Amino acid sequence: MTNEASKGQAVSRRKFLKGGGMAVAGGAAAVALATPHVAKAATVLKVQAAWGGGIFLEFAQDYANRVNKMAGGSMKIELLGVDAVVKTAEMQTAVHKGVLDGAHLVTAYWYSKSPVASLFGTGPCFGWSANELMGWVQYGGGRELYNELMHDKLKLNLVGFFSGPMPAQPLGWFKKEVNSAADMEGLKYRTVGLAADVLQEMGMSVVQLPGGEIQPAMKSGLIDAAEFNNPTSDKDFGMQDVSKDYYLGSFHQSQESFEIIFNKTLFDNMSSEQQSILEHASEAASADMAWKAMDRYSADLVKLKEEHGVRVHRTADSIMAAQLKAWDVVVERISKEDPFFARVVESQKAWAKRYGAYSLQNSPDYRLAYEHYYGKL
């Protein structure tokens, strides 16, 4: 990054953050020493996460730690928590304008700008998982479509990387048992992204709330049911204190990952080494997150059952079949309105069809092996 660019951005951010008493350092400033050697100050990147705590903030910090270690002192991410500089809904705009250097979030949080955003995280299930979604991004044309959305359609000055395939998200927590799609009609339910359209199509009344407001809303009766993401986050939110019926398995958000964005002008002015670190650290953090999630999510599900008396149910197949039908309606409606949305969907379906034909025919029935050793679930 040039000194001129860094000074300009630093001044801009200082003006924005003046009220919060936060000094923002940016750029590589050369400091002359008495010796012939010259030491350079690290490029400090202010990156805000959409998470106030819990394992998601931990995942964001894991990424920052990898960048900081790989950079060897030439660059450092200072991770800021939720709402530290701007509200979550404003994070993308803040990075675009250079108020923030970067952000750690999910695409569903800015899908109001374009429903296509949800296809990169909370879109329909075409028989694929989050890891296969990320395969499409990397090798199936998804990255090119993502860049077209960001740069050509929305005119955003951003560079983004995907990191951390998320297991299919549970249907969530309910104040009463739901054994069929009919049982869900009329319930006030929290979700985000295109999943909101799908559940509304199924007859639910959907409320889009940030994570920290879910448990209080359910406790007060504002909502009857809710999902966030996983057993660890749900336990940390205290969902077990407002409901004892927890449903695993759903197509409403069956493939998602984190999105890590940076201001494109800032990124373009970095050295190629720094650019590579930001990108490849996202891949390293992605693998580690998948492994850490295996440990934490499964352990916390045991705690929810054994320590908090939570009744864990498998969502009925009839409910998931109804979700797929609702997805068909939503996708057809938006595709007619937005040709670019339709083009992204077709690209995803082509990838999922090709990979799924291999994966589904090649993968053994792991449930058969599991129940052979441990008994029926």
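The values are calculated or read from the model by the stated rules, or taken from the named source; none is laboratory data. This one's a predicted model, so the numbers in the text were calculated from it and none came from an experiment. Quick reminder, even Gly has a Cβ in these numbers, built from the backbone with ideal geometry, and neighbours come from all protein chains shown. Just the protein is used for accessible areas: all its heavy atoms, side chains included, with ligands, DNA and RNA removed. Shrake-Rupley method; radii C 1.70, N 1.55, O 1.52, S 1.80 Å.
Counting residues that are without any contact (Cβ under 8 Å) to a residue 12 or more places away in the chain, which helices (runs of 4 or more DSSP H) fully inside the stretch 52-138 reach at least 1?
The helices (runs of 4 or more DSSP H) meeting that bar are 54-71, 91-97.
Could you tell me whether Val329 is open to solvent by 60 Å² or more (accessible area, probe 1.4 Å), modelled with pLDDT of 95 or more, of a type in the set (Val, Ile, Thr) and closer than 25 Å to Met202 by Cα?
Yes; evaluated as a whole, the condition is true for this residue.
So, of the residues in the stretch 352-376 that are open to solvent by 40 Å² or more (accessible area, probe 1.4 Å) and in contact (Cβ under 8 Å) with a residue 40 or more places away in the chain, which turns out to be farthest from the chain's Cα centre (by Cα)?
Residue satisfying both the conditions and the ranking: Leu360.
Could you please find all residues in the stretch 210-239 being in contact (Cβ under 8 Å) with a residue 60 or more places away in the chain, open to solvent by 20 Å² or more (accessible area, probe 1.4 Å) and farther than 19 Å from Val312 by Cα?
Correct list: Pro210, Gly212.
Only one of these is surrounded by fewer than 17 Cβ atoms within 10 Å (Cβ to Cβ) and assigned to a helix (DSSP H, G or I): Met289, Met294. Name it.
Met294
Those residues that are open to solvent by 60 Å² or more (accessible area, probe 1.4 Å), out of contact with any strand residue (DSSP E or B) (no Cβ under 7 Å at 6 or more places or on another chain) and within 17 Å of Asp236 (Cβ to Cβ), I need them from the stretch 59-71; list them, please.
none
Let me confirm something: among Val242, Val207, which residue is in contact (Cβ under 8 Å) with a residue 12 or more places away in the chain and closer than 30 Å to Ala94 by Cα?
Among Val242, Val207, only Val207 is in contact (Cβ under 8 Å) with a residue 12 or more places away in the chain and closer than 30 Å to Ala94 by Cα.
Give the residues of the stretch 61-87 that are of a type in the set (Asp, Glu) and at negative phi, sorted by residue number.
Within the stretch 61-87, Asp62, Glu78 qualify.
List pairs: first in the stretch 254-275 and within 24 Å of Gly72 (Cβ to Cβ), second open to solvent by 50 Å² or more (accessible area, probe 1.4 Å) and of a type in the set (Val, Ile, Thr), Cβ under 8 Å, 6+ apart or cross-chain?
Pairs found: Asn269/Thr2.
With respect to Val192, is the statement that it is more than 18 Å from the chain's Cα centre (by Cα), in a loop (DSSP other than H, G, I, E, B) and at negative phi true?
Answer is no for this residue.
Is it fair to say Met70 is farther than 23 Å from Phe228 by Cα, within 27 Å of the chain's Cα centre (by Cα) and at pLDDT 95 or above?
Considered against the rule, which asks whether it is farther than 23 Å from Phe228 by Cα, within 27 Å of the chain's Cα centre (by Cα) and at pLDDT 95 or above, Met70 comes out as yes.
Which of (1) open to solvent by 10 Å² or more (accessible area, probe 1.4 Å); (2) in contact with a helix residue (DSSP H, G or I) (Cβ under 7 Å, 6 or more places away or on another chain) is the odd one out, the single condition Glu144 does not satisfy?
If we test Glu144 against (1) open to solvent by 10 Å² or more (accessible area, probe 1.4 Å); (2) in contact with a helix residue (DSSP H, G or I) (Cβ under 7 Å, 6 or more places away or on another chain), just (2) comes out false.
Condition first: open to solvent by 20 Å² or more (accessible area, probe 1.4 Å) and not charged (D, E, K, R). Now tell me which residues in the stretch 104-134 satisfy that.
Tyr109, Tyr111, Ser112, Pro115, Cys125, Phe126, Gly127, Ser129, Asn131, Met134
Go through (1) open to solvent by 50 Å² or more (accessible area, probe 1.4 Å); (2) part of a loop (DSSP other than H, G, I, E, B); (3) modelled with pLDDT of 95 or more for Lys176 and report which single condition fails.
(3)
Conditions: (1) crowded, with 20+ Cβ neighbours inside 10 Å; (2) in a helix (DSSP H, G or I); (3) in contact with a helix residue (DSSP H, G or I) (Cβ under 7 Å, 6 or more places away or on another chain); (4) among the charged types (D, E, K, R). Glu259 meets all but one. Number of the miss?
Looking at each condition in turn, Glu259 falls short on (2).
Would you check which residues across the stretch 140-167 are at pLDDT 95 or above, in a loop (DSSP other than H, G, I, E, B) and of a type outside the set (D, E, K, R) and list them?
Hits for the stretch 140-167 are Gly140, Gly141, Leu154, Leu156, Asn157.
Looking at (1) on the phi < 0 side of the Ramachandran plot; (2) open to solvent by less than 20 Å² (accessible area, probe 1.4 Å), which one does Gly98 not meet, given that it meets all the others?
(1)
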